[in-house]
Amino acid sequence: MLSQPDFWVGVSFVLFIVLLVYLKVPGMAAKALDERADAIQHELDEAKRLREEAQAVLADYERKKIEAEADAEKIIAQAKREAEIYGEEARRKMQEQIERRSRLAEQKIQQAEVAAVKDVRAAAADLAVEAASKVLGAEVKGATASGLIDQSISAVRKQLN
């Protein structure tokens, strides 16, 4: 049996195993594996914590985005309301200005009409006076003519003015 290589291989294997146990290699391997498992577990826990933190940050940003969109919609709605108010006020002021200018134009037209009527009456009165003085001057002579002319001029002016 001592001459058989299988025997020596078995003995050396058993000695190798005993040597490994004596040197506490299985304990060291188990310890290294445990440390590696702890490190992996720690990394997994850290990754889980970071993932939860990232999800919280994402949720916070999504909430802020929704709030910002709501604020933007409120601002836009307020701006539209203000624009409508300003537009209505501008239309109202424009209408008032148009009405004011129309009244002013109507007053100027009335004043021009009154002035034109006065000018026409004055011209008519002057022409009537001149015509009357020519007619009366040709037909009536002397002091009677002067009195009639003055009386006619006064009457015409009273009636035309």
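Using only the C-alpha atoms, the convex hull of the chain corresponds to 183 Å³ per residue.
Only DSSP H runs of four or more residues enter the estimate; each adds -39500 (n - 2.57), and after division by the residues of the chain the mean residue ellipticity at 222 nm equals -35000 deg cm²/dmol. With coordinates expressed along the principal axes, the C-alpha atoms belonging to region 3-44 extend over 55, 17, 5 Å, beginning with the largest.
Length gained on full extension, Ala132 to Leu33, computed as 0.36 nm times the residue gap minus the Cα-Cα distance: 21.3 nm. Straightening the chain between Arg101 and Asp45 buys 12.0 nm, computed as 0.36 nm per residue apart minus the Cα-Cα spacing.
Taking a label point 7 Å from the Cα of Arg81 along the Cα→Cβ vector, which residues of region 52-74 have an amide N closer than 17 Å to it? Counting backbone N atoms under 17 Å from the label point, the list is 70-74.
No value in this document is a laboratory result; all are computed from the given coordinates. No experiment lies behind these values; they were computed from the predicted model shown. Note that each Cβ is placed from the backbone with ideal geometry, even for glycine, and that neighbours are counted across all protein chains shown.
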